[in-house]
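Q: Below: one structure in structure tokens.
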Amino acid sequence: MWDRPGARCAPRTGRESTAVAVTPGIARHRHGKRLAAECASVAISLLSCTFAVGRKGDEPEGKVTDQSFKCIAGMTKLRHFYVDNLLGNRAATVAVATAGTGDYPEGSVVQLMPNEVMIKQQTGYSPATRDREFFWIDVDKNGSKIFTRGFAEVNNRFGLNCFTCHVKARPEFDFICEEEHGCDPIPVTRAMFGALQRTDPRCKGADQVSAEDAESLRQMGELVKALKEKKQ
């Protein structure tokens with residue numbers, strides 16, 4: 001519709017502004033009035049979309065930096081994973097995790113392994129992921145560094161997409177994957193998870209590895225290698 005001779009709507013979209021330009025002489029075109037109305041309609045629609053995005057905000061309310069992460073053992077352990085809350089509301093996060101169902105409060109942190117983190121941002125920030133933001137972080141004895149972060153596009157160490165796994169959790173579990181929650185099973189044992197948690201290099205004594213954990217880590221390494229080769 002926009003390539004008719006003599007008239008052209010040229011929308012420029014963005015998170016901060018939206019503009020629609022109409023070429024000179026459109027009023028003289030025999031369909032000028034109708035095209036002008038169409039352009040105006042597009043402008044209104046685009047401005048409405050921009051306003052809706054703007055309400056979400058360009059940045060999450062809960063700021064997350066390298067310093068937001070810590071030794072996994074410093075969080076609260078529930079069953080086989082750890083939780084915390086970046087906004088200080090740990091008790092509310094623990095309550096939901098303990099119950100096993102319900103919506104986690106803003107600022108909630110959930111970790112199964114030291115390198116993988118899931119954080120709950122403010123309501124409405126990312127409806128597709130139930131406001132969960134996924135992180136892959138590099139960890140060593142000096143601390144943490146964010147390697148990648150995002151919503152539906154972040155992959156874990158196995159090359160598997162975080163969103164496509166967690167989205168299968170039934171609504172009452174708020175994107176948390178445990179047995180019988182609806183998520184696909186993963187080829188990692190509880191022993192492997194435990195070994196990774198106990199050898200988090202940010203934690204004191206992490207260099208003291210038991211024979212059982214050493215064997216679990218070896219098996220984990222073989223699993224990661226096999227999965228990477230399979231994807232090639």
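Since every read-out is calculated from the coordinates, none of them should be taken as a lab result. Only a predicted model underlies this, so the values are computations on that prediction, with no experimental measurement involved. As a convention, Cβ positions derive from the backbone with ideal geometry for all residues, glycine included, and neighbour counts pool all protein chains shown.
Q: Would you calculate the separation in nanometres between label points at residue 76 and residue 207, each defined as 7 Å from the Cα along the Cα-to-beta-carbon direction?
A: A separation of 3.3 nm, rounded to one decimal place.
Q: When the chain is fully extended, how far beyond the present Cα-Cα distance does residue 138 get from residue 172, taking 0.36 nm per residue of separation? Walk me through the numbers before you get to the answer.
A: Numbers: separation 34, 0.36 × 34 = 12.24 nm, distance 3.11 nm.
Computed gain between residue 138 and residue 172 is 9.1 nm.
Q: If we count other beta carbons within 10 Å of each Cβ, what is the order of 80, 166, 181, fewest first? Numbers along the way, then the final one.
A: Numbers: 80 12, 166 22, 181 17.
Fewest-to-most ranking of 80, 166, 181: 80, 181, 166.
Q: Net charge near residue 147: determine it from the other residues with C-beta under 11 Å of the C-beta of residue 147, scoring Lys and Arg +1 and Asp and Glu -1. Please report the intermediate quantities before stating the final value.
A: Working: positive: 145, 149, 157; negative: 66, 116, 138.
Around residue 147, the charge tally is 0.
Q: What length, rounded to one decimal in nm, is gained on full extension from residue 215 through to residue 101, with 0.36 nm per residue of separation minus their alpha-carbon distance?
A: Numbers: separation 114, 0.36 × 114 = 41.04 nm, distance 3.39 nm.
In short, 37.6 nm is gained.
Q: A further question on this structure: Multiplying the sequence separation of residue 146 and residue 227 by 0.36 nm and subtracting their Cα-Cα distance, what value in nm do you get? Spell out each step's value before the answer.
A: Numbers: separation 81, 0.36 × 81 = 29.16 nm, distance 2.33 nm.
Stretched fully, the residue 146-residue 227 segment lengthens by 26.8 nm.
Q: Now for a different question. Give the peptides 204-214, 136-146, 68-78, 116-126 in descending order of average Cβ contacts within 10 Å, highest first.
A: Working: 204-214: 11.7, 136-146: 14.8, 68-78: 17.6, 116-126: 19.8.
Ranked from most to least packed, the peptides come out as 116-126, 68-78, 136-146, 204-214.
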